[in-house]
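In what follows, a structure is listed as structure tokens, so that the remarks can point back to it.
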Amino acid sequence: MSSKLEALNRWVEDVARLTRPDHIHWCDGSEAEYDALVERMLASGDLIELNPRTHPNCFLHRSHPSDVARVEHLTFICTRNRDDAGPNNHWMDPAEAHAKIDALFAGCMQGRTLYVIPYCMGPLDSPLARCGVEITDSPYVVVNMALMTRMGARALARIEREGKFVKGLHSIGELDPHKRYILHFPEELTIKSIGSGYGGNALLGKKCHALRIGSWQARQEGWLAEHMLIVGIENPRGETHYLAAAFPSACGKTNLAMLIPPEGYAQAGWKVWTIGDDICWMTPGADGRLWAINPEAGYFGVAPGTSAKTNPNALAMLNHDAIFTNVALTADHQPWWEGLPGVPVKDWQGRDYVPGSGPAAHPNSRFTVSARQCPSWSPRAEDPQGVPISAIVFGGRREHLVPLVFEARDWRHGVLVGAAMGSETTAAATGAVGVLRRDSMAMKPFCGYNFADYFAHWLSFDRPGMRLPKIFHVNWFRKGADGKFLWPGFGDNLRVLEWILGRCAGSEGAEETPIGNLPRPQDLNLAGLDLPRSQLEALLHVDIEGWIAEYESIGEYLASFGARMPRALLEEQQRIAALLAEQEIEPQPLGTP
Ligand code: OXD
Ligand code: MN
């Protein structure tokens, strides 16, 4: 097979000449193709069948132990001008990068099949969607792409119609960390990735296309490609409002996107609808609102911690037709991870599990599953126009200082709040866990260009005719002096979302503070929640001295981007720093609106 698009055929031929595969397979996205690939991987040992009674059509993949997470130090943005990649990215000169990686690609597919995967990020008939083609020698990548994207014949038809697509070349190579690179050439709409089979490095539609190349395309075309979940909140009157929320990797985006309302809320008629759990593409509509699609068609979620308490919807979608990567196994071959009942007998590497010897599942073990299997899946996820966004929420993992929720004064302040986001690192990337780092808009590992230009792009949406969402910041991870979380989180986060949507509708009160508007205790619906008053006050406290230091550090962070940093953002930082300094001299509430 080949395509009607000469440019695509030529590229596949060029790649085949370089990599020298034994066979070439053009993926049609059919069930028969999926089943045949699974059969082949069961035979080769790349997949292990899970208990067909409890988990029909579910499989386990164990990756190479040195290949279990994204590798940010091996991920590069290769632009002609180094400043276009910015200090937030590792940079390599494009010519040098091509030469380096092509040498590794040379002959790397001998004895293997080259798969051509045409895919569409977003509903196939959506003007907001964009297409790509991934070439890979990993059948594991093909079946994951089949769950995570709209891939196959229909995507190819759109690509042939449009004539434009992102090119992604991937090979597991030798799975050697010393011969591993994840390279992006935004000016050429091209990705080249070798030496890793792990999700974020290998499923090129996700981070590489939908975020790194996507953010570049979005800037050129006037939209936003963001590391955000999209969730619809239906109130008892039957009205659904949509929020987009950015949290760094492994900070609970999937749980929030699939939230189960607390008892009183459920009884009153509140419902939660999941559109996406990781990526959001937003475009201004004719009405001036931002309209969002989830470019993905599935979830590649972190397994550990997913439980009946934290995310029953996720558990319900994982008992059939799912792929698990690096989880542990029970005696009867069910997938297992920390947080689930039962006992693991094999750890994520297939070794006999010795209780007390550390986690049985890898902390970054994952599930891959079609979005439609989620009980809270919203049919609006297939709406070609997307959904209108009422509120944008930023959040990080902050043990100290940052209150449960606050509202930005306006769009410019909101962009600063997003730019200043900090979070303690998690196992989703290699490197130390629990270290505080700035992770602007949760895009530090994913923005395909200079953050200073990215902030300017965000600021540019504040123009006549726009009806922009309100911007908020939340922190579910605040801890007390005893080291315990102050806020129950999970389903109870709906209480905070209700206040957020109330603020958007103009129906909820707040107290103005220098860092933004906070709910007063009486503004939150806490019915049925046993939260001591002192704990609530701690969650809503603004520690002026602590924030003065925080704003100093934010100022240093913004300054580190040099002359490209938009003046408006620096002025906003200075404005708030001055407000904080005034408060320190005269600590008085600024009053209520
Ligand atoms: C992810 C990540 O896989 O952010 O979504 O690491
Ligand atoms: Mn993510």
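The values are calculated or read from the model by the stated rules, or taken from the named source; none is laboratory data. Quick caveat: nothing in here was measured; it's all calculated off a predicted structure. FYI the Cβ positions are ideal-geometry reconstructions off the backbone, even for glycines, and counts take in every protein chain you see. Keep in mind that these areas ignore ligands, DNA and RNA; they rest on the heavy atoms of the full protein, side chains included. Shrake-Rupley method; radii C 1.70, N 1.55, O 1.52, S 1.80 Å.
Quick notes on this one:
Here's the yes/no breakdown for (1) touching a His at 6+ places or on another chain (Cβ under 9 Å); (2) open to solvent by 20 Å² or more (accessible area, probe 1.4 Å):
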| position | (1), (2) |
| --- | --- |
| N475 | no, no |
| A481 | no, yes |
| G506 | no, yes |
| D530 | no, yes |
| Q535 | no, yes |
| D543 | yes, yes |
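- Of the criteria (1) at pLDDT 95 or above; (2) touching a helix residue (DSSP H, G or I) at 6+ places or on another chain (Cβ under 9 Å), which one P464 fails: (2)
- Residues within the range 429-447 that are surrounded by fewer than 20 Cβ atoms within 10 Å (Cβ to Cβ) and either more than 16 Å from ligand 2 (Cβ to nearest atom) or of a type outside the set (D, E, K, R) (or both), tallied: 8
- Boolean, I323 is out of contact with any Gly (no Cβ under 6 Å at 6 or more places or on another chain), of a type outside the set (S, T, Y) and in the same structural domain as I389 (by TED's automatic domain parsing): no
- Residue match in the range 326-339 (condition: outside the structural domain of T430 (by TED's automatic domain parsing), part of a loop (DSSP other than H, G, I, E, B), open to solvent by 20 Å² or more (accessible area, probe 1.4 Å) and over 21 Å from L42 (Cα atoms)): yes
- Among (1) under 16 Å from the mean Cα position of the chain (by Cα); (2) surrounded by fewer than 24 Cβ atoms within 10 Å (Cβ to Cβ); (3) more than 16 Å from ligand 1 (Cβ to nearest atom) - the single one A452 does not satisfy: (1)
- Screening A563, A549 for residues that are open to solvent by 20 Å² or more (accessible area, probe 1.4 Å), assigned by TED's automatic domain parsing to the domain that holds P403 and farther than 21 Å from M421 by Cβ leaves exactly one candidate, A563.
- Elements of the type helices (runs of 4 or more DSSP H) sitting completely within the range 81-174 and holding at least 3 residues that are on the phi < 0 side of the Ramachandran plot and in contact with a Gly (Cβ under 9 Å, 6 or more places away or on another chain): these cover 139-148, 153-162.
- Enumerated strands (runs of 3 or more DSSP E) restricted to the range 178-241, each holding at least 1 residues that are open to solvent by 10 Å² or more (accessible area, probe 1.4 Å) and on the phi < 0 side of the Ramachandran plot: 181-185, 190-194, 228-234
- Spans of strands (runs of 3 or more DSSP E) in the range 368-436 with at least 1 residues modelled with pLDDT of 95 or more and farther than 16 Å from T274 by Cα: 387-395, 405-407
- Close pairs (6 angstrom Cβ cut-off, 6 or more residues apart or separate chains): closer than 20 Å to G200 by Cα in the range 422-436, more than 16 Å from ligand 2 (Cβ to nearest atom) and not in a loop (DSSP other than H, G, I, E, B) anywhere: E424/L436
- Flag if N57 is farther than 30 Å from R351 by Cβ and either open to solvent by 60 Å² or more (accessible area, probe 1.4 Å) or not assigned by TED's automatic domain parsing to the domain that holds F451 (or both): no
- Across the range 527-566, the number of residues qualifying as assigned to a helix (DSSP H, G or I) and touching a residue at least 12 places away in the same chain (Cβ under 8 Å) comes to 20.
Let's see how each residue does on (1) among the β-branched types (V, I, T); (2) within 29 Å of E424 (Cα to Cα); (3) open to solvent by less than 10 Å² (accessible area, probe 1.4 Å):
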| residue | (1), (2), (3) |
| --- | --- |
| W291 | no, no, no |
| A314 | no, yes, yes |
| N319 | no, no, no |
| A322 | no, no, yes |
| P363 | no, yes, no |
| G396 | no, yes, yes |
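Residue-by-condition table, conditions (1) within 13 Å of ligand 2 (Cβ to nearest atom); (2) charged (D, E, K, R); (3) not assigned by TED's automatic domain parsing to the domain that holds D453:
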| position | (1), (2), (3) |
| --- | --- |
| S171 | no, no, yes |
| D176 | no, yes, yes |
| F185 | no, no, yes |
| C208 | yes, no, yes |
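- F472 falls short on exactly one of the conditions (1) over 19 Å from the mean Cα position of the chain (by Cα); (2) touching a residue at least 40 places away in the same chain (Cβ under 8 Å), and that condition is (1).
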